[in-house]
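Working notes for the structure below.
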Amino acid sequence: MFGGIGWGELIIILVILLLIFGPSRLGDLGSALGKGIKGFKKSLKEPDEIDVTPPKEENKQIDSPEPKASEKTAKKEETG
């Protein structure tokens, strides 16, 4: 069925999951998994509306800001 997993193994796995998570939590996990798969399929079918590629800009150099007052005094102390 699922790549070598038969019905017996599948039932054993489901019983173990039921014992670990409990019936309410297992239902929530199944619901969340179903919503995730549905959203993934929907995103595959819809065309890309958002262009995620960065715009091509010319090489712009970033101007360095004014040095802080503490940096100015440290330079004066080194030289003076």
*asked:* When you check LEU44 against the structure, is it loosely packed, with under 10 Cβ neighbours inside 10 Å and modelled with pLDDT of 70 or more, yes or no?
replied: yes
_Lone unmet requirement of (1) surrounded by fewer than 10 Cβ atoms within 10 Å (Cβ to Cβ); (2) more than 29 Å from the chain's Cα centre (by Cα); (3) assigned to a helix (DSSP H, G or I) for GLU9_ = (1)
*Pick out the one residue from PHE21, PHE2 that is modelled with pLDDT of 80 or more and within 31 Å of the chain's Cα centre (by Cα).*
PHE21
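The values are calculated or read from the model by the stated rules, or taken from the named source; none is laboratory data. Source: prediction; values computed, not measured. Every residue, glycine among them, receives a Cβ derived from its backbone with ideal geometry; neighbour counts consider all protein chains shown.
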